[in-house]
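Please read the structure below before turning to the comments.
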Amino acid sequence: MDSDGNIRTPRGLCIPETALSWTFARSAGAGGQNVNKTSSKASLTVSTPFITGPRAALARVLAAYPETIRVTQQTSRSQWRNRQHCITQIVEMIDTAATPPAPPRRPSRPTKGSIERRLTSKKRESEKKGQRRKGDWE
């Protein structure tokens, strides 16, 4: 996070603090008596139209996700840690959506050795089945 409260991703996208909406609730699971009195479950909602950054990456993110992305964490007993997990998860989600597609695969030809291995295995299988047919069945 920036000093302004904005979140920056490694791909150069910026999620402004105004696009973030936090909600907290009591989480389920272990925690003893503490679970009954603290709201450690964190939910982060991000409005994708407010995200800024490079035009191509931004277009990929907007195509991949709807107007709002919601992430919830309750793995930790600490609300602060759950908030950090939410932020890292949302950054990973947005970064993976912003990655450009892989270049198309250039088709390659099979090597000479692989062609020879395929043909010899075909010949071996053919001979094996041919030996089954040559028997005296009558």
- Test result for Ser78, of a type in the set (Gly, Ala, Ser), over 21 Å from the mean Cα position of the chain (by Cα) and surrounded by fewer than 16 Cβ atoms within 10 Å (Cβ to Cβ): yes
- Between a first residue in the stretch 91-102 that is over 19 Å from Pro49 (Cβ atoms) and a second residue that is basic (Lys, Arg) and at pLDDT below 90, which pairs have beta carbons less than 9 Å apart while being 6 or more apart in sequence or on different chains? Thr99/Arg11
- Message: The conditions are (1) exposed (fewer than 10 other Cβ atoms within 10 Å of the Cβ); (2) assigned to a helix (DSSP H, G or I); (3) within 32 Å of the chain's Cα centre (by Cα), and His85 fails exactly one of them. Which is it?
- Response: (1)
- Query: Pick from Val71, Val91, Val61, Val46: which is assigned to a helix (DSSP H, G or I) and either surrounded by fewer than 13 Cβ atoms within 10 Å (Cβ to Cβ) or in contact with a helix residue (DSSP H, G or I) (Cβ under 7 Å, 6 or more places away or on another chain) (or both)?
  - Reply: Val61
- Query: Has the stretch 13-35 got at least one residue that is touching a Gly at 6+ places or on another chain (Cβ under 6 Å), of a type outside the set (D, E, K, R) and part of a loop (DSSP other than H, G, I, E, B)?
  - Reply: yes
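The values are calculated or read from the model by the stated rules, or taken from the named source; none is laboratory data. Note that this is a predicted model, so its numbers are computed, not measured. Backbone-built Cβ (ideal geometry, glycine too); neighbour counts: all protein chains shown.
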